[in-house]
Amino acid sequence: MRIAAILLAAGASRRMGRPKQLLEFQGETLVHRMARMALDAGCEPVIAVLGCEAEAVAAALSDLRIGIVSNDAWSEGVASSIRAGIAALPMDLEAALLLVCDQPMVDAAFLEQMLEAHQVDERLIVASNYADTTGVPALFPAIHFEALRSLKGDQGAKSMLNDAEVIGISLPGGDFDLDRPEDWDRLMKP
């Protein structure tokens with residue numbers, strides 16, 4: 001089984017007011033933490049899609065054995081990063097796991113659980129369930145790569161998750177993401 005991870009880390013973090021990819025949590029930047037967890041879970045290859053602040057984010061990842069993809073169209077929205085990540089994948093993959101770095105409740109054990117769920121039916125998407133929704137992290141079998149390549153705008157792959165049969169994995173706290181300074185403050189409170 002060869003499953004890639006695509007870490008979507010190209011955004012400008014406008015609502016946060018600073019690059020959230022570079023915020024430090026538990027001794028490492030958020031982007032480094034998520035890339036490391038994907039590696040720890042057994043994803044191969046791990047690819048980070050960068051855009052805004054690409055040099056600084058790439059520097060934060062420099063000690064990890066991952067691929068870096070530049071998304072010059074990052075301002076179009078998350079779909080452009082998904083397309084860039086899928087385009088960079090080798091042809092011999094079984095699936096790809098889409099990740100973002102601003103979900104601090106995601107850990108390597110959860111990602112491993114997603115990879116295991118993929119074995120139940122290798123044709124189905126595996127996605128995270130939280131707060132009455134289905135979202136990322138989400139694992140897409142290779143049969144869905146063409147649809148991922150055709151995504152547009154800032155909605156990402158949400159429509160695919162809503163329209164397909166999905167194996168859902170409960171992610172406690174998955175709805176807590178870091179979009180605004182108050183989210184960060186709440187996370188960092190002792």
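The values are calculated or read from the model by the stated rules, or taken from the named source; none is laboratory data. Fair warning: this is a prediction, and the values are worked out from it, not measured in the lab. Note that each Cβ is placed from the backbone with ideal geometry, even for glycine, and that neighbours are counted across all protein chains shown.
What to note about this one:
- Listed by position, the strands (runs of 3 or more DSSP E) contained in the stretch 1-91 that have at least 3 residues being free of Cβ contacts under 8 Å to residues at least 60 places away in the same chain, basic (Lys, Arg) and in contact with a Cys (Cβ under 7 Å, 6 or more places away or on another chain) form an empty set.
- The set of residues in the stretch 126-144 that are touching a strand residue (DSSP E or B) at 6+ places or on another chain (Cβ under 7 Å), hydrophobic (A, V, I, L, M, F, W, C) and surrounded by fewer than 22 Cβ atoms within 10 Å (Cβ to Cβ) contains only Ala142.
- Within the stretch 98-138, the set of residues being at pLDDT 95 or above, under 13 Å from the mean Cα position of the chain (by Cα) and of a type in the set (Gly, Ala, Ser) comprises Ala108, Ala127, Ser128, Ala138.
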